[in-house]
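The values are calculated or read from the model by the stated rules, or taken from the named source; none is laboratory data. Please read all numbers here as calculations on a predicted model, not as lab measurements. Note that each Cβ is placed from the backbone with ideal geometry, even for glycine, and that neighbours are counted across all protein chains shown. With ligands, DNA and RNA removed, areas are computed over all heavy atoms of the protein, side chains included. Shrake-Rupley method; radii C 1.70, N 1.55, O 1.52, S 1.80 Å.
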Amino acid sequence: MHSLVYASFPIEEINENAINSFFSEDNKDDEPSLSIYILRGVLFFSILIPALYFLFRPWWRAWRNQVRWVRILTYVVLGILSLVLLLSIFFASVGVYNPGG
């Protein structure tokens, strides 16, 4: 790499290491190790499972006590999830059999 530098003051020495380290590429592998992924999974599930338990328990209790809004909301949520599942299956099959359009 050749460069021409003009300065209004005298340059005594050029630090080649600083220039080379500035322009060098970072070839380090920044991806976390497998143990980090395992620890993240353990942390995620250790938070998710108790949270789902404490959400499901009162919902089930209200369902058994036949609370009207809980039953209606359950049917609405299950209907929307069923529609999303059916549409995703439909569009996945269309993409398989007609990959261009």
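For first residues located in the stretch 35-64 and open to solvent by less than 70 Å² (accessible area, probe 1.4 Å), partners that are of a type in the set (Lys, Arg) and lie 6+ apart or on another chain with Cβ distances below 9 Å form the pairs ALA62/ARG71; TRP63/ARG71. Being at pLDDT 95 or above and either open to solvent by less than 100 Å² (accessible area, probe 1.4 Å) or in a helix (DSSP H, G or I) (or both) is a property that SER82 has.
Between SER8, SER21, the distinction of being on the phi < 0 side of the Ramachandran plot, exposed (fewer than 10 other Cβ atoms within 10 Å of the Cβ), at pLDDT below 90 and part of a helix (DSSP H, G or I) belongs to SER21 only.
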